[in-house]
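Below you'll find the structure, written out as C-alpha cells, and then a few comments.
The values are calculated or read from the model by the stated rules, or taken from the named source; none is laboratory data. What you see is a predicted model; the values in this text were computed from it and never measured. Cβ atoms come from the backbone with ideal geometry, glycine included; neighbour counts cover every protein chain shown. The protein model used for the area step is the full one, side chains on, heavy atoms only, and it has no ligands, DNA or RNA in it. Shrake-Rupley method; radii C 1.70, N 1.55, O 1.52, S 1.80 Å.
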Amino acid sequence: MANRNVQLTLREAVDEVLGILTGLDLRYEPELDRFQAITRALNRALRHTALEHEWSYFSSVEEIGQAVEGQQTVDIMPSQRLRIINDDCIRLIDADGLTVVWCYFLPRDALHKYVDREGLWAAATRTTIEFSRPFLAREVGLHIYTPIMREPRMFQLPANGADVPDSILNQLIDFDYPDIVIMKAAQYIAETDPVMQPRVQTLEAHYKDLMYQLV
C-alpha cells in the first residue's frame, strides 16, 4: 500500500509475533517449519483483517477507460469492486498524469439533482458507474481512474529446510497498521499451542481494541 507510515518486513513481523507470545527477544530461523507456521498465521490475519471492513482496507487506483464525448456511463469488470468510503473519488487524469477533474460519489437517488451543474459527480452499481452529466468535449481522452478494493497481498512462504533469500525475508506487510495483523497472528498461534491457549482471550481483546481504534 502506498504512503505507509510504518513498514515491517516478514522477518520483523515474525519477531514481533514471538515477542508478544513469549515476552522475550527470540528469533526463529527462516528455514524452520515454525517460521513457516507464523508466516501462514500472518497471511491468515491479513485475510481476516480484510474482511473486517469488506476488503476496503486494501485498495488500489486503477484505470477503467477514457472519457468519450457524450458518454455518461462506464462499465467495470465484475471482478472489480469500487471502494466508496471516506474521501474516495474518481479522477480524470491527463496524459501527463495530472488530475484534471475530481469526481466524488453520490447516492444513486441523489444524482439527478446535479445534472445541470458544471462539476462532475458519480453514482455506482456493482458493475456500472453513472456520471451526473455526459462527458464534455474538453474532457475527451482523459483517463478515468477509480479506487478499487483488492485482496491483500500474501507473504510468499519460505522454502522448508532451504536457505531463505533476503527477497523473502524483506517482503513488506501489506497493511498500514501492521500491529493489528501481528496481534491477530499471535492469537492464531496461541490457539494452536496448549501452553499459550489461556492467553487467547487476552490477545483477542487487544486485537479488538486496536481494530476499534482504526474503525
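What the table below lists for this structure:
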read-out: Condition check for Arg117: among the charged types (D, E, K, R), open to solvent by 50 Å² or more (accessible area, probe 1.4 Å), within 30 Å of His48 (Cβ to Cβ) and assigned to a loop (DSSP other than H, G, I, E, B); value: no
read-out: Identity of the residue in the stretch 162-191, out of contact with any helix residue (DSSP H, G or I) (no Cβ under 6 Å at 6 or more places or on another chain) and free of Cβ contacts under 8 Å to residues at least 12 places away in the same chain, that ends up surrounded by the most Cβ atoms within 10 Å (Cβ to Cβ); value: Pro165
read-out: Scope the stretch 159-176; condition part of a loop (DSSP other than H, G, I, E, B) and over 23 Å from the mean Cα position of the chain (by Cα); matching residues; value: Ala159, Asn160, Gly161, Ala162, Asp163, Val164, Pro165
read-out: Hey, Tyr145 closer than 30 Å to Trp102 by Cβ, open to solvent by 30 Å² or more (accessible area, probe 1.4 Å) and modelled with pLDDT of 95 or more or not; value: yes
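Residues checked against (1) farther than 26 Å from Lys208 by Cβ; (2) touching a residue at least 60 places away in the same chain (Cβ under 8 Å); (3) of a type outside the set (Val, Ile, Thr):
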position	(1), (2), (3)
Val14	no, no, no
Asp25	yes, no, yes
Arg34	yes, no, yes
Leu42	no, yes, yes
Phe58	no, yes, yes
Gln66	yes, yes, yes
Leu82	yes, yes, yes
Ile90	yes, no, no
